[in-house]
Amino acid sequence: MPEYRTLRDLVAALPKVELHVHLVGSAGHHTVAALARRHPSSGVPTDPAGLREFYTFRTFDDFLAAFWAVQSLLRDGTDIATLVSGLARDLAAQNCRYAEVTVTPYNHLLDGMDGDELLAGLAAGRAAAAAEHGVDLAWCFDIPGERGAVAGRETVVFALRNRPDGLVGFGLGGPEVGVGRARFAPFFTAAREAGLHSVPHAGETTGPATVWSAIHDLGAERIGHGTSCVADPRLLEYLAEHRIPLEVCPTSNVRTGQVPSVAAHPVRRMLDHGLVVTLNTDDPPMFGATLNGEYLAVATALGLRPAEVVELARAGVTAAFLPEERRAALLAEIDAVGRDAQILLPRGDDVA
């Protein structure tokens, strides 16, 4: 029987899923270096020191500049496949078995990438992820909300006309302030009628009203972030009663200034109210986040018992848009780890 001496051991052993990670924001140092070498005119550094500086953000604008610099490196299907494969390698190293990856086709098409190139890159990367890294990938095509209704229309048309293998979700990202959820309702209706799941961002940088709108206007089946839901007791009750999962990204919320620390994150209140909480990374290397690190940070800050950590992994699998057979297999693996784990609860350096 395996023996898990620290919380870190348990987290590493748990099979996990990732439900909120942006493809462009997933580019780690090794992937950015490979892409920058392929496109030297971009000016993005390829040396370790330069890359460390590239990923040092003093303001949110610094983060946005890095994000768009990576976006500019993606010019054809080969670049997309490189990015997807790099993400899969990072996920596999953390025992993450499945991920639903947010892709924003409109931005790539606006940058001049051919739609067939984008789809070919996604397909090649997805195949490599499974064959080389043992990670199953699915896609969520999202609307960049700041680009308005035209982006919504083009995104849903692209998604439904092409319907690539692995496409399971339809989302809405970008700024929330001044970008009402309701204006995108027709596009979500079309996507849902075609069998895609509704997974909009809401309540990350705005209040509970945005979450309500995502539910009522967009038919949200999961909420991206949803941090502000704790400000509305009625919303907390609704989310708990209807079992609408939240894709919580604690480190991202800290780095973008939505909360001062993981310890102050409303995830504790979410759990106390019986909400379905899943842990995710958002834009992992850009925020210095890892999936294992999110579990460790939340469990340590909140003093979670081992059984509660196991339940977080189960919640992610339950909230995923997986075939039932695959879901059952992953839950059985998680339960086996939970049964076998003999934990000495971490204190201080035990989690290092």
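Bear in mind these aren't lab numbers, they're just calculated from the coordinates by the rules spelled out. The structure displayed is predicted, hence computed values, not measured ones. As a convention, Cβ positions derive from the backbone with ideal geometry for all residues, glycine included, and neighbour counts pool all protein chains shown.
Rounded to whole numbers, the Karplus 3J(HN,Hα) couplings from phi for the range 279-285 are 9, 8, 10, 6, 10, x, x Hz, using 6.51 cos²θ - 1.76 cosθ + 1.60 with θ = phi - 60°, and x at Gly and Pro.
The stretch between THR189 and ALA92 holds 31.5 nm of extra length on full extension. This uses 0.36 nm per residue minus the Cα-Cα distance. Does the chain come out rounded, prolate or oblate by the C-alpha gyration tensor, with a ≥ b ≥ c the root eigenvalues, rounded set by a/c under 1.5 and, if not, prolate when a/b is larger than b/c and oblate if not? Rounded, because the longest to shortest axis ratio a/c is under 1.5. Here's how it looks for THR256: its modeled amide H is under 5 Å from none belonging to a residue 5 or more places away or on a different chain. Under 5 Å from the amide H of ILE143 lie the amide H atoms of GLY171, LEU172, GLY173, each residue being 5 or more positions distant or on a separate chain, with H modelled from the backbone and absent for Pro and chain starts.
Between the amide H of VAL101 and those of ALA138, TRP139, CYS140, distances stay under 5 Å, these residues lying 5 or more places away or on another chain, with hydrogens modeled in the peptide plane.
Computed from backbone phi with θ = phi - 60° and the Karplus coefficients 6.51, -1.76 and 1.60, the 3J(HN,Hα) list for the range 139-147 is 10, 10, 8, 10, 8, x, x, 5, 8 Hz; x is used for glycine and proline.
Working note: 222 nm ellipticity from helices only, DSSP H runs with n ≥ 4, each -39,500 (n - 2.57), summed and divided by the residues of the chain, gives -15500 deg cm²/dmol to the nearest 500. To the nearest Å, what is the center-to-center distance of the range 31-88 and the range 277-338, using C-alpha atoms only? So the two Cα centres are separated by 28 Å.
Charge dipole of the chain (Cα centre as origin; +1 on each Lys and Arg Cβ, -1 on each Asp and Glu Cβ, all else neutral): 200 debye, rounded to the nearest 20.
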